[in-house]
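Trainee: What follows is a single structure, and I will ask about it in a moment.
The values are calculated or read from the model by the stated rules, or taken from the named source; none is laboratory data. Predicted model only: the values in this text are computed from it and were never measured. Cβ placement follows ideal geometry from the backbone for every residue including glycine, while neighbour counts extend to all protein chains displayed.
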Amino acid sequence: MCSLPLMSSLESGQAGFGRHGSCPAARRGSESVKLFGGGPAVNHLYVCSICQVEIEALAKRRRIEVDTFIKLNKAFQAEESPSVIYCISMQWFREWEAFVKGKDNEPPGPIDNSRIAQVKGSGHIQLKQGADYGQISEETWVYLNNLYGGGPEIALRQSVAQLQDPESLHGEQKIEAETRAV
């Protein structure tokens, strides 16, 4: 973002000195300050109109992304037994969250599920045991992936038996079934 001061830095004699202070423009600027005493103190900055448009567009983008995520997440939570659950790296998700909350001005970049993915010998990608991940719906995955790209896609498929009888499950499957039941 830029700001437009009331007085240029050249007028105040503070810019353009080059490496050794020999820049002619800098000498003229500092001479003007000595001769005329400089200008009024800069005590207010204005956001330029170009930057204002960019700020407003960024705020709108953030609102749209958050509103869409909330809508999709509510629909996902309302589902009794989704047939598929997608995994997303919590590290990437926290970066995205910081961006949409305005704590970071830069968007997070492509989704990076590499830390939570494990490739089996058959080439099948599955979730690493103990990975730090969030569960999202297929619709949310498609939405975020269309915006940011990246991957790999990690989908957990649940059978009806898993949802009905969590006592017969072990490890990650049991945790997932218990988490979905809550």
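Trainee: Residues that are touching a Ser or Thr at 6+ places or on another chain (Cβ under 9 Å), at pLDDT 95 or above and not in a helix (DSSP H, G or I): does the range 87-94 have at least one?
Mentor: Our first condition is that a residue be touching a Ser or Thr at 6+ places or on another chain (Cβ under 9 Å); within the range 87-94, this holds for 88-89.
Next, only the ones that are at pLDDT 95 or above stay: 88-89.
Checking which are not in a helix (DSSP H, G or I) leaves us with 88-89.
Within the range 87-94, one or more residues are touching a Ser or Thr at 6+ places or on another chain (Cβ under 9 Å), at pLDDT 95 or above and not in a helix (DSSP H, G or I).
Trainee: Also: From (1) crowded, with 18+ Cβ neighbours inside 10 Å; (2) modelled with pLDDT under 95, pick out the condition that doesn't hold for H124.
Mentor: (1)
Trainee: Just give me the residues in the range 30-52 being assigned to a helix (DSSP H, G or I) and surrounded by 11 or more Cβ atoms within 10 Å (Cβ to Cβ), in sequence order.
Mentor: Step one: of the range 30-52, the residues assigned to a helix (DSSP H, G or I) are 30-36, 49-52.
Of everything in the range 30-52, those that are assigned to a helix (DSSP H, G or I) and surrounded by 11 or more Cβ atoms within 10 Å (Cβ to Cβ) turn out to be S30, E31, S32, V33, C51, Q52.
Trainee: Moving on to the next point. I'm told L58 meets every condition in (1) surrounded by 14 or more Cβ atoms within 10 Å (Cβ to Cβ); (2) in the same structural domain as E138 (by TED's automatic domain parsing); (3) touching a residue at least 40 places away in the same chain (Cβ under 8 Å); (4) not in a loop (DSSP other than H, G, I, E, B) except one. Can you identify the failing condition by its number?
Mentor: (2)
Trainee: Continuing with this model, one more query. Tally time: how many residues in the range 111-127 are more than 27 Å from A78 (Cα to Cα) and assigned to a loop (DSSP other than H, G, I, E, B)?
Mentor: 7
Trainee: Filter the range 70-106 down to the residues that are touching a helix residue (DSSP H, G or I) at 6+ places or on another chain (Cβ under 6 Å) and of a type in the set (V, I, T), then identify the one that is surrounded by the fewest Cβ atoms within 10 Å (Cβ to Cβ). Full working, then the answer.
Mentor: Of all residues in the range 70-106, those touching a helix residue (DSSP H, G or I) at 6+ places or on another chain (Cβ under 6 Å) come to 72, 81, 84, 86, 100, 104.
Retained after the next criterion (residues that are of a type in the set (V, I, T)): 84, 100.
On the way: V84: 11, V100: 18.
Top of the filtered list is V84.
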